[in-house]
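**Q** Mind looking over this structure? Questions follow.
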Amino acid sequence: MTIDLNTCTGCNACVVACQSENNIPIVGKDQIMRGREMSWIRLDRYYSSGDPIENRTSLPSDPQTSLMPVACMHCERAPCEQVCPVNATVHDEQGLNVMAYNRCVGTRYCANNCPYKVRRFNFFDYNKRARDQFYLGPLGVNQFKTEGGILKSMQRNPDVTVRMRGVMEKCTYCVQRIEQAKIAQKVKARDSNDIHVPDGVFKVACQAACPSEAIVFGDISNPESAVSKSKANDRDYSLLGYLNTRPRTTYLGRLRNPNPQMPDYKPDALSRMEYKAMQPQSL
Amino acid sequence: MANIFPKWSNALPAKVVLAFFVLAVSAVAGVTYYFTPAYSRVGYMPTQPVAFNHYLHAEQLGLDCRYCHSFVDVSGHSNVPDAASCMACHSQVRRESPLLAPVRESYASGMPIEWVRIHQVPDYVYFNHAVHVNRGISCVECHGNVNQMEVVWHDKPLTMAWCLECHRAPELAIRPLDQVYNLNWTPDNPHAHLEWAVEAVVNWNVNPPQSCSGCHR
Amino acid sequence: MSHSSNPSDAAVGHHGAAAAVLKEVRPANMPRRPIVENNRDFAWITDKVCGIAEGKTPRWWWIAFIMSCMIASFTLFGLIYLVSTGVGVWGLRSPIMWGWAIVNFVFWIGIGHAGTLISAILCLLKQKWRTSINRAAEAMTIFAVACAGIFPLFHVGRVWFAWWLFPIPNHNAIWPNFRSPLEWDVFAVSTYGTVSLLFWYMGMIPDLATMRDRTRMVFEKRYAEAKTKTAQAFERFFFTFRQYFYGILAMGWRGSNRHWSNYEMAYLLLAGLSTPLVLSVHTVVSFDFAVSHLPGWHATIFPPYFVAGAIFSGFGMVLTLMLPLRALFGLQDLITQYHIDCMCKICLATGTMVGYAYAAEFFIAWYGANAFEGFAFVNRAFGQYAWAYWIMITCNVISPQFFWTRWGRENLWFVWILSIFINIGMWFERFVITVTSLANDFLPANWDYYSPTAVDIFTFFGTFGLFSVLFLLFIRFLPLLAFAEIKSVTKQADAHAHGEHH
């Protein structure tokens, strides 16, 4: 997967799409304040004034924002896979870092070892209990059995497991969509050998939702696929690449107005107020 | 001072330790053998609300599996038919039979017959029928000779290790596509068939998933 | 030949050539400090130690026991709430997925290491002074391992599946991941617990046999003092109980030559087995951190650093336990100032090693020119957890330095308070390591602050209650000191001490 930081606008559509596709529970404001957000893809925002010395010592009053959507990188040398004591997270033949929820006992070592901190832990029965009853445990109402809960079950994606408390979860590259595509292709192939899923047959949830098509996903073993071409771009880089985790999700670096011959060229990027000041006055 | 314990108690600690080890090993062995689907599920033969006889319908009358389980080759889920499939024949044949009363009732009211489900994998396992039957795996490999069963029973363990046996060696289970629904088919020459199967696995590009993402999503 | 304190005199008449050299060189007279003071004999030692378990239960014991049971219930309730409701009742949050639970685990396991060091390593190094404290220290080890084992078991999200960490054949064709340090922990800690228990129990057998053999004499003395019918009935019941209790535990020990010979061999074997365990178990625990690649965790100094820290905290706990017991039971002649000196010096040595490790980590963080590593250490000292860091430095590096001075070692209230500080400091060290590295790791977007909840706090302090309950039971029923071993290192037991025949 590549994510083009030039075209990403930070609209968060990918976050919402991922939540819907993967049965990610809504944990409520209280749990978010306690640091237990469950979204598998997040939008990191960094604020800076463009002055690297000043950035280290003070909060900029008129900052520029840098954005970075971060989901599981599906590292080829995933630090999380080595440390799971029960082999709940392993690498599959397609290069995905797979999470088997039914095997996870919840030691959370994988989350500690992930340098990108993309793993999410089900601290409570977020799906089974109501938002104001998490701390009651078994004394709370079992939402799966209430009428409203049964209705809500129909909203969930049947292709994705609904996780109980105590298990880890993370972005799966929408493995359910990948497997669906592979199965459909094999069913079509029958006794021929044409089981290769053509590029573009399916999109992962975040890719489908992104309005600016910043996310490109596909088969990197196929040099003609869109993602292979995207990775051939000069701007392509890995987040924390020096750790040698070899992430499969790479980013295309953001450029800010590089051409010095343009009339509005500035060596540093514009802050919000500077940018607004340059706009033609509205009526 | 006098001995507190009799002489036979000298050997007691050794015996206790030995007994403990024997107990521990047999407990682990017992659980590994008895508390697994291979033992607890195989042979499960519940009584169904309608005594549907697969031997009669599939073997003697020659109905194809797909006549009733119609979506098995297009869907992940192999459906149990609704009463309309039954009434296609039974509106003519044995119209008054008391054994078929629940079927007629279901057809009239639209409420499905409450069949007792026999083959069920846990919710976190995503099995897809279509990809198996379309790629040369017959019903018989997982369900046994259903066409010989007067009452259906659970014939194979359906444990993960059992599934992996085939996923790791598909040539042992694959057959020509036109024989998938012929549950009585056996190869004329097993040796030649194995050779064919090995080739077929290559020619058809059969590579069943062996890692977790294949079935656990 | 009369007993003389001058070695050169004693040598005269034994070896002529050696005697002549000694007369010329005149080495200084430096007698070893006695292991047992005031020339106590065997009978006194036995009576003193056995008397602790044989006398009437003192009132302070009952008060302490009831209080400890109440405190231990905090852990029980905390764990029930945790398992029924979810790990969210603790203060954990992304990215700090390990908090107090793992800190407590390493804390308790570390404390346990001192007991094994005293029993095994000091035995192989022939340090006779270990005999006064090894029994209680080993008991401390076992109870500390029991407290420690609670945490890695219950901190997992689904405790009822924790058995998956064991390599049991199954029908899922899946084994645990042997590359994971948590898997190594399973084997390391269980081996440690088993071997420590065996060593402690086996070493106790001669002492238990002595207590078994004294039950009649004790019964007669106590019965004579029992005035009422109930008291007498109780004494009779208690006598039977003690007979069977010590009788079964003593395993038929007769004190014969064969028994002693087997005992010594078994002791040596277990000491040899436990010695590498002291080093390896905490090394494996340190691998929980060192094998990851978080800055501040991923350091090769962790194994020796953790082992030294473990011994440091363990000796601190031994001092915390033994100094009050020494005063309460009047054991000053058995646990002498010499013993306290030795323990303080070990604390000083290991504390200095820990201090060196801190300095080495800082140096390498700077010398390695790795931005993340460098930041991790500057952040520890000056970031959001700086308060924890400086508590750690004060308690671990500064406080044991007082043990350089004789005054620091001989003022026992001061030593006791310092020993408590040592343990506070070592807990904070594990806290600083675990939490600061997680809270401020690679990407600033993930940084956050962890605070424990009430459930965290009560569960931890409850384990002190559990430890106390077990230790109080140990004091009440089992021999507190290894008096058979103490007797073997007194002058009375030494066949070569003086030229007199026995």
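The values are calculated or read from the model by the stated rules, or taken from the named source; none is laboratory data. Source: prediction; values computed, not measured. Quick reminder, even Gly has a Cβ in these numbers, built from the backbone with ideal geometry, and neighbours come from all protein chains shown. All accessible areas refer to the heavy atoms of the entire protein, side chains included, with ligands and DNA or RNA removed. Shrake-Rupley method; radii C 1.70, N 1.55, O 1.52, S 1.80 Å.
**Q** Suppose we filter segment B:76-126 for residues that are surrounded by 17 or more Cβ atoms within 10 Å (Cβ to Cβ), within 14 Å of chain A (Cβ to nearest Cβ) and hydrophobic (A, V, I, L, M, F, W, C); how many remain?
**A** Of the residues in segment B:76-126, 0 are surrounded by 17 or more Cβ atoms within 10 Å (Cβ to Cβ), within 14 Å of chain A (Cβ to nearest Cβ) and hydrophobic (A, V, I, L, M, F, W, C).
**Q** Assigned to a strand (DSSP E or B), hydrophobic (A, V, I, L, M, F, W, C) and at the interface with chain C (Cβ under 9 Å from one of its Cβ atoms): which single residue out of A:90, A:98 fits that description?
**A** On the way: A:98 fails: at the interface with chain C (Cβ under 9 Å from one of its Cβ atoms).
Result: A:90 is the single residue among A:90, A:98 that is assigned to a strand (DSSP E or B), hydrophobic (A, V, I, L, M, F, W, C) and at the interface with chain C (Cβ under 9 Å from one of its Cβ atoms).
**Q** Which of the residues that make up segment B:159-170 are acidic (Asp, Glu) and open to solvent by less than 50 Å² (accessible area, probe 1.4 Å)? Quick ask: steps written out before the conclusion?
**A** From segment B:159-170, those acidic (Asp, Glu) are B:165; that's our starting set.
Correct list: empty.
**Q** Can you tell me which of (1) without any contact (Cβ under 8 Å) to a residue 12 or more places away in the chain; (2) open to solvent by less than 40 Å² (accessible area, probe 1.4 Å); (3) hydrophobic (A, V, I, L, M, F, W, C) is the one residue C:80 doesn't meet?
**A** Residue C:80 satisfies all of (1) without any contact (Cβ under 8 Å) to a residue 12 or more places away in the chain; (2) open to solvent by less than 40 Å² (accessible area, probe 1.4 Å); (3) hydrophobic (A, V, I, L, M, F, W, C) except (2).
**Q** When you check residue B:42 against the structure, is it under 19 Å from residue B:144 (Cβ atoms) and touching a residue at least 24 places away in the same chain (Cβ under 8 Å), yes or no? Please lay out each step first, then the result.
**A** On the way: under 19 Å from residue B:144 (Cβ atoms): yes; touching a residue at least 24 places away in the same chain (Cβ under 8 Å): yes.
Yes; evaluated as a whole, the condition is true for this residue.
**Q** How many residues, within segment A:89-135, are of a type in the set (Ser, Thr, Tyr), more than 16 Å from residue A:160 (Cβ to Cβ) and either open to solvent by 10 Å² or more (accessible area, probe 1.4 Å) or without any contact (Cβ under 8 Å) to a residue 24 or more places away in the chain (or both)? Don't jump to the end; show me each part of the working.
**A** So the first thing to find is which residues in segment A:89-135 are of a type in the set (Ser, Thr, Tyr), and the list is A:89, A:101, A:107, A:109, A:116, A:126, A:135.
Add one more test, that the residue is more than 16 Å from residue A:160 (Cβ to Cβ), and what stays is A:89, A:107, A:109, A:116, A:135.
Still in the running and either open to solvent by 10 Å² or more (accessible area, probe 1.4 Å) or without any contact (Cβ under 8 Å) to a residue 24 or more places away in the chain (or both): A:107, A:135.
Residues in segment A:89-135 being of a type in the set (Ser, Thr, Tyr), more than 16 Å from residue A:160 (Cβ to Cβ) and either open to solvent by 10 Å² or more (accessible area, probe 1.4 Å) or without any contact (Cβ under 8 Å) to a residue 24 or more places away in the chain (or both): 2 in total.
**Q** Please enumerate the residues belonging to segment A:196-253 that are within 14 Å of chain C (Cβ to nearest Cβ), surrounded by fewer than 14 Cβ atoms within 10 Å (Cβ to Cβ) and small (Gly, Ala, Ser).
**A** Scanning segment A:196-253 gives a single hit, A:241.
**Q** Out of all the residues in segment A:183-194, which are open to solvent by 40 Å² or more (accessible area, probe 1.4 Å) and at the interface with chain B (Cβ under 8 Å from one of its Cβ atoms)? If you could, list the steps in order and put the result at the bottom.
**A** Going residue by residue through segment A:183-194, those that are open to solvent by 40 Å² or more (accessible area, probe 1.4 Å) are A:184, A:188, A:190-194.
Once the filter is applied, which keeps residues that are open to solvent by 40 Å² or more (accessible area, probe 1.4 Å) and at the interface with chain B (Cβ under 8 Å from one of its Cβ atoms), segment A:183-194 yields A:190, A:191, A:192, A:193, A:194.
**Q** Follow-up. Is it the case, given these coordinates, that residue C:474 is surrounded by fewer than 23 Cβ atoms within 10 Å (Cβ to Cβ), in contact with a Phe, Trp or Tyr (Cβ under 7 Å, 6 or more places away or on another chain) and modelled with pLDDT of 95 or more?
**A** Numbers: surrounded by fewer than 23 Cβ atoms within 10 Å (Cβ to Cβ): yes; in contact with a Phe, Trp or Tyr (Cβ under 7 Å, 6 or more places away or on another chain): no; modelled with pLDDT of 95 or more: yes.
Taking the combined requirement at face value, the residue does not satisfy it.
**Q** In this structure, does residue C:369 turn out to be open to solvent by 60 Å² or more (accessible area, probe 1.4 Å), in a loop (DSSP other than H, G, I, E, B) and out of contact with any helix residue (DSSP H, G or I) (no Cβ under 6 Å at 6 or more places or on another chain)? I'd like the intermediate steps shown before the answer.
**A** Working: open to solvent by 60 Å² or more (accessible area, probe 1.4 Å): yes; in a loop (DSSP other than H, G, I, E, B): yes; out of contact with any helix residue (DSSP H, G or I) (no Cβ under 6 Å at 6 or more places or on another chain): yes.
Judged against the criteria, residue C:369 is a match.
**Q** Within segment A:55-87, can you find the residues that are small (Gly, Ala, Ser), within 14 Å of chain B (Cβ to nearest Cβ) and either more than 23 Å from residue A:245 (Cβ to Cβ) or open to solvent by 10 Å² or more (accessible area, probe 1.4 Å) (or both)?
**A** Looking only at segment A:55-87, we keep the residues that are small (Gly, Ala, Ser), and these are A:58, A:61, A:66, A:71, A:78.
Pick out the ones that are also within 14 Å of chain B (Cβ to nearest Cβ) and you get A:78.
Those that are small (Gly, Ala, Ser), within 14 Å of chain B (Cβ to nearest Cβ) and either more than 23 Å from residue A:245 (Cβ to Cβ) or open to solvent by 10 Å² or more (accessible area, probe 1.4 Å) (or both): none in segment A:55-87.
**Q** Can you tell me which residue is most open to solvent (accessible area, probe 1.4 Å) among those in segment C:97-126 that are out of contact with any Gly (no Cβ under 8 Å at 6 or more places or on another chain) and among the β-branched types (Val, Ile, Thr)?
**A** Only one residue fits best here, namely C:121.
**Q** Could you check residue A:195 against (1) at pLDDT 95 or above; (2) aliphatic (A, V, I, L, M); (3) out of contact with any Cys (no Cβ under 9 Å at 6 or more places or on another chain) and say which number it fails?
**A** Of (1) at pLDDT 95 or above; (2) aliphatic (A, V, I, L, M); (3) out of contact with any Cys (no Cβ under 9 Å at 6 or more places or on another chain), only one is false for residue A:195: (1).
**Q** Next up: Whether any residue in segment B:162-179 is within 24 Å of residue A:194 (Cβ to Cβ), within 14 Å of chain A (Cβ to nearest Cβ) and assigned to a loop (DSSP other than H, G, I, E, B) is what I want to check.
**A** yes
**Q** Something else: Looking at segment C:260-296 only, could you name the residues that are assigned to a helix (DSSP H, G or I), open to solvent by less than 40 Å² (accessible area, probe 1.4 Å) and of a type outside the set (A, V, I, L, M, F, W, C)? If you could, list the steps in order and put the result at the bottom.
**A** Of all residues in segment C:260-296, those assigned to a helix (DSSP H, G or I) come to C:260-290.
Retained after the next criterion (residues that are open to solvent by less than 40 Å² (accessible area, probe 1.4 Å)): C:263, C:266-267, C:270-272, C:274-275, C:277-278, C:281-286, C:288-290.
Within segment C:260-296, C:263, C:267, C:272, C:274, C:275, C:282, C:283, C:286, C:288 qualify.
**Q** How about segment C:147-203: which of its residues are surrounded by fewer than 17 Cβ atoms within 10 Å (Cβ to Cβ), in a loop (DSSP other than H, G, I, E, B) and not basic (Lys, Arg)?
**A** Passing the criteria: C:166, C:167, C:168, C:169, C:170, C:172, C:173, C:175, C:178.
**Q** Taking the condition of being under 30 Å from the mean Cα position of the chain (by Cα), among the β-branched types (Val, Ile, Thr) and open to solvent by 30 Å² or more (accessible area, probe 1.4 Å), how many residues in segment C:204-243 meet it?
**A** 1
**Q** Would you say residue A:156 is among the basic types (Lys, Arg), surrounded by 14 or more Cβ atoms within 10 Å (Cβ to Cβ), away from chain C (no Cβ under 14 Å) and farther than 30 Å from residue A:29 by Cα? Reasoning before the result, please.
**A** On the way: among the basic types (Lys, Arg): yes; surrounded by 14 or more Cβ atoms within 10 Å (Cβ to Cβ): yes; away from chain C (no Cβ under 14 Å): yes; farther than 30 Å from residue A:29 by Cα: no.
So residue A:156 fails the test.
**Q** Turning to a different aspect of this structure: Considering only residues that are open to solvent by 20 Å² or more (accessible area, probe 1.4 Å), in contact (Cβ under 8 Å) with a residue 40 or more places away in the chain and more than 18 Å from residue C:90 (Cα to Cα), look in segment C:428-468 and name the one that is nearest to the other protein chains (Cβ to nearest Cβ).
**A** Filtering segment C:428-468 for residues open to solvent by 20 Å² or more (accessible area, probe 1.4 Å) gives C:428, C:444-445, C:447-449, C:451-455, C:457-458, C:461, C:464, C:466, C:468.
Still in the running and in contact (Cβ under 8 Å) with a residue 40 or more places away in the chain: C:428, C:447-449, C:451-453, C:455, C:457-458, C:461, C:464, C:466, C:468.
This time we only want the ones that are more than 18 Å from residue C:90 (Cα to Cα), so: C:428, C:447, C:464, C:466, C:468.
On the way: C:428: 20, C:447: 10, C:464: 25, C:466: 23, C:468: 29 Å.
That would be C:447.
**Q** Still on this structure, please answer the following. With respect to residue C:184, determine if the residue is touching a helix residue (DSSP H, G or I) at 6+ places or on another chain (Cβ under 9 Å) and within 12 Å of chain A (Cβ to nearest Cβ). Spell out how you get there, then give the answer.
**A** Details: touching a helix residue (DSSP H, G or I) at 6+ places or on another chain (Cβ under 9 Å): yes; within 12 Å of chain A (Cβ to nearest Cβ): yes.
Yes.
**Q** Show the residue pairs meeting these rules: Cβ distance below 8 Å; 6+ apart or different chains; first residue within segment C:29-47 and farther than 11 Å from residue C:128 by Cβ; second residue in a helix (DSSP H, G or I) and among the polar types (S, T, N, Q).
**A** Close Cβ pairs satisfying both conditions: C:41/C:492; C:42/C:492; C:46/C:210.
**Q** Filter segment C:16-61 down to the residues that are under 14 Å from residue C:481 (Cα atoms) and outside any helix (DSSP H, G or I) and list them by number.
**A** Those that are under 14 Å from residue C:481 (Cα atoms) and outside any helix (DSSP H, G or I): C:35, C:36.
**Q** Grab the helices (runs of 4 or more DSSP H) fully contained in segment C:384-447, keeping just those with 2 or more residues being within 12 Å of residue C:319 (Cβ to Cβ) and at pLDDT 95 or above. Reasoning before the result, please.
**A** Details: elements: C:386-393, C:406-410, C:412-431.
Result: C:412-431.
**Q** Do any residues in segment B:1-25 that are within 13 Å of chain C (Cβ to nearest Cβ) have Cβ atoms under 8 Å from those of residues that are open to solvent by 90 Å² or more (accessible area, probe 1.4 Å), where the two are at least six apart or on different chains, and which pairs are they?
**A** Partner pairs satisfying both residue conditions: B:1/C:216; B:4/C:244; B:5/C:248; B:13/C:251.
**Q** Residue check, residue B:141 against (1) open to solvent by 40 Å² or more (accessible area, probe 1.4 Å); (2) assigned to a loop (DSSP other than H, G, I, E, B), all met but one. Which one?
**A** The number of the failed condition is (2).
**Q** Determine, yes or no, whether residue C:247 is under 19 Å from residue B:10 (Cα atoms), modelled with pLDDT under 95 and over 28 Å from the mean Cα position of the chain (by Cα). Walk me through it before giving the result.
**A** On the way: under 19 Å from residue B:10 (Cα atoms): yes; modelled with pLDDT under 95: yes; over 28 Å from the mean Cα position of the chain (by Cα): no.
Considered against the rule, which asks whether it is under 19 Å from residue B:10 (Cα atoms), modelled with pLDDT under 95 and over 28 Å from the mean Cα position of the chain (by Cα), residue C:247 comes out as no.
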